[in-house]
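Chemist: First, the structure itself, so that you have it in front of you.
The values are calculated or read from the model by the stated rules, or taken from the named source; none is laboratory data. Since we're looking at a predicted model, the values are computed, not measured. Quick reminder, even Gly has a Cβ in these numbers, built from the backbone with ideal geometry, and neighbours come from all protein chains shown. Surface areas here come from the heavy atoms of the whole protein model, side chains and all, with no ligands, DNA or RNA. Shrake-Rupley method; radii C 1.70, N 1.55, O 1.52, S 1.80 Å.
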Amino acid sequence: MNADEGAVERRSTVRVIPPVHARKLAKVPFVELADGRLQGVVSSGSDIARVYVSSITAGTHGYSCSTNNNRPCGGLNGGYTCKHLDALAAEAVRQYGLERVARYLRVEVGEGEDLVYALRGSKDPAPAAVVFSRFLRHLAYLELPESTEPVPEMQWFPSAGAVL
């Protein structure tokens, strides 16, 4: 392998950051820092068939929580975050670490302070469809049979022996 091929391989790989702590996927099966928001899917505590799509916008800290079919969460009535947003934030901290989540949301979190307590946002509805769609796409990968063959929708990644 010459130096140019090695450089291509180094540039074509994505650095994977391991989670800070093991996560509890039953309660918050999907959490991500994307599209300028901390967003994810949170299981309902009362109905096994219901999930909530929750998000907190970076900078403004506007928060949103609704079912996957856009019915608003009843826990947002008092002007405070609901238990779904609290669970989402807690799992994000478990996955990415407090410093990284706080930096992404652009919030100062004091020593020993809770991330949600440091937020000063208000209710700011956001569409749930995009986040829920991404969650479903991630679930689809779990149903694929084990294989060493490339996954067709990910073939834009160059293989290790690619020649440019």
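Chemist: Is there a residue in region 110-125 that is in contact (Cβ under 8 Å) with a residue 24 or more places away in the chain, among the acidic types (Asp, Glu), closer than 21 Å to residue 33 by Cβ and crowded, with 18+ Cβ neighbours inside 10 Å?
Modeler: No, there is no match, as no residue in region 110-125 is in contact (Cβ under 8 Å) with a residue 24 or more places away in the chain, among the acidic types (Asp, Glu), closer than 21 Å to residue 33 by Cβ and crowded, with 18+ Cβ neighbours inside 10 Å.
Chemist: Within region 45-84, which residues are within 19 Å of residue 135 (Cα to Cα) and basic (Lys, Arg)?
Modeler: Within region 45-84, 50, 71 meet the criteria.
Chemist: Looking only at region 10-43, count how many residues are modelled with pLDDT of 90 or more and of a type in the set (Gly, Ala, Ser).
Modeler: Of the residues in that region, 4 qualify.
Chemist: Only one residue in 109, 93, 101 is at pLDDT 90 or above and in a loop (DSSP other than H, G, I, E, B). Which one?
Modeler: Exactly one residue qualifies, and that residue is 109.
Chemist: In this structure, is residue 7 more than 22 Å from residue 134 (Cβ to Cβ), at pLDDT below 95, aliphatic (A, V, I, L, M) and loosely packed, with under 12 Cβ neighbours inside 10 Å?
Modeler: yes
Chemist: Only residues that are within 16 Å of the chain's Cα centre (by Cα) and more than 19 Å from residue 124 (Cβ to Cβ): list them for region 50-86, please.
Modeler: Once the filter is applied, which keeps residues that are within 16 Å of the chain's Cα centre (by Cα) and more than 19 Å from residue 124 (Cβ to Cβ), region 50-86 yields only 51.
Chemist: Exactly one condition in (1) open to solvent by 30 Å² or more (accessible area, probe 1.4 Å); (2) in contact with a His (Cβ under 8 Å, 6 or more places away or on another chain) is false for residue 73; which is it?
Modeler: That leaves (1) as the condition not met.
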